[in-house]
Amino acid sequence: MRNPLRRAALALVPAVAVLALAGGCSGGAPRTAPAGEPVAAASPVVLPAPRSAPAPAAVLAQPVRPGEVHVEQGPFTDRVRLDGLRLTDRQTVTGHVAITADVSDTLALELAVAYYDASGHLVGTGAFQYQEEGEDAHGAEHHDGPRAAGDGIDFTVSPGKLTGTPASAVLTIPVLVSE
């Protein structure tokens, strides 16, 4: 590229592109429609839907032993320690969770439990939600009790409406946000 004119032209290409984009985004005069015709509304911006936890399986592919609480591996299971998991006679799941990867405040923690009957069919779900800081913990409502990080906290997950008698459960951790 020994030609100085060619070099100058190539150097101007990015500048012209920036000016073209800036000019195309300028406010300019608003577009008006002829009298009596409505102005077309701007098309809405389409954003991807927020990701949520997958729905529990309607039927377990591999049965869980009666009374067992199985922990489904997910993106947060390596950041917590779950102890004492138990399906109680009152059809709730109890246990202890400690966040092992972080020592900062827990902004949000959610445990989801799917309850299954003896034949492995889904009979109900429940969730446990916890936070130490954030918009729901204003001033005097600051969480001063046991923390999920470090020693951990005890939890109980009760099912919503059941369509049968739970014999086992599968626990997932769909949300874990630390400061």
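The values are calculated or read from the model by the stated rules, or taken from the named source; none is laboratory data. Here the structure is a predicted model, which means the values were calculated and not measured. Ideal geometry is used to build each Cβ from the backbone, glycine not excepted, and the neighbour counts take in all protein chains shown.
Structure notes:
- Reported count of residues in the range 73-98, each being touching a Phe, Trp or Tyr at 6+ places or on another chain (Cβ under 9 Å) and part of a strand (DSSP E or B), is 6.
- Scanning the range 84-125 for residues that are of a type in the set (Asp, Glu) and in contact (Cβ under 8 Å) with a residue 24 or more places away in the chain yields ASP102, ASP105, GLU110, ASP117.
- Listed by first and then second residue, the pairs linking a residue in the range 165-179 that is in contact (Cβ under 8 Å) with a residue 40 or more places away in the chain to a residue that is outside any strand (DSSP E or B) and among the small types (Gly, Ala, Ser), with Cβ atoms under 6 Å apart and 6 or more places separating them unless they lie on different chains, are ALA167/ALA118; THR172/GLY74; ILE173/GLY74; PRO174/ALA53; SER178/SER104; GLU179/SER104.
- Hits in the range 68-79 (condition: surrounded by 13 or more Cβ atoms within 10 Å (Cβ to Cβ) and under 21 Å from PRO56 (Cα atoms)): GLU68, VAL69, HIS70, VAL71, GLU72, GLY74, PHE76, THR77
- The listed residues are ASP117, ASP136, ASP151, ASP144, and the only one of them that is among the charged types (D, E, K, R) and at pLDDT 90 or above turns out to be ASP117.
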